[in-house]
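The values are calculated or read from the model by the stated rules, or taken from the named source; none is laboratory data. Predicted model, so just to flag it, every value in this text is computed and none were measured. When we count neighbours, we look across all protein chains shown, and the Cβ atoms used for this are built from the backbone with ideal geometry, even at glycine. Only protein heavy atoms, including side chains, enter the accessible area calculation; ligands, DNA and RNA are left aside. Shrake-Rupley method; radii C 1.70, N 1.55, O 1.52, S 1.80 Å.
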Amino acid sequence: MKDKMSIPEKLYSEKLSNYQESIKVLYLVDDDFKTMCDDYCCSKINVEKFKKKMEEDFHLKVEYENLTKELEDEIVQYIEKNME
């Protein structure tokens with residue numbers, strides 16, 4: 001559980017690193033800023049989730065492409081063997 005004085009881990013990015021003290025203060029005292037930061041964190045989480053899904057989908061795509069090629073070759077071999 002996150003303690004009340006901490007900010008979400010996703011806010012510790014390279015681009016925001018020079019602003020960490022300001023982020024900590026604003027996150028705790030400014031509801032609009034907190035909402036913006038929380039939206040940012042959700043967005044980062046979704047990017048990571050979809051990136052992982054795309055990598056998994058790419059792996060499956062490659063597997064199915066390879067299987068399709070193998071089956072295509074088997075079909076041709078079967079035809080050639082049985083239609084002579």
Given the conditions (1) touching a helix residue (DSSP H, G or I) at 6+ places or on another chain (Cβ under 7 Å); (2) touching a residue at least 24 places away in the same chain (Cβ under 8 Å), every one holds for ASP38 apart from (1)
State whether one or more residues within region 58-76 are open to solvent by 70 Å² or more (accessible area, probe 1.4 Å), within 26 Å of the chain's Cα centre (by Cα), polar (S, T, N, Q) and modelled with pLDDT of 95 or more.
-> yes
Please work out if SER6 is outside any helix (DSSP H, G or I), surrounded by 10 or more Cβ atoms within 10 Å (Cβ to Cβ), without any contact (Cβ under 8 Å) to a residue 12 or more places away in the chain and over 20 Å from the mean Cα position of the chain (by Cα).
-> yes
Tally of residues being under 25 Å from the mean Cα position of the chain (by Cα) and of a type in the set (A, V, I, L, M) across region 24-56 | 4
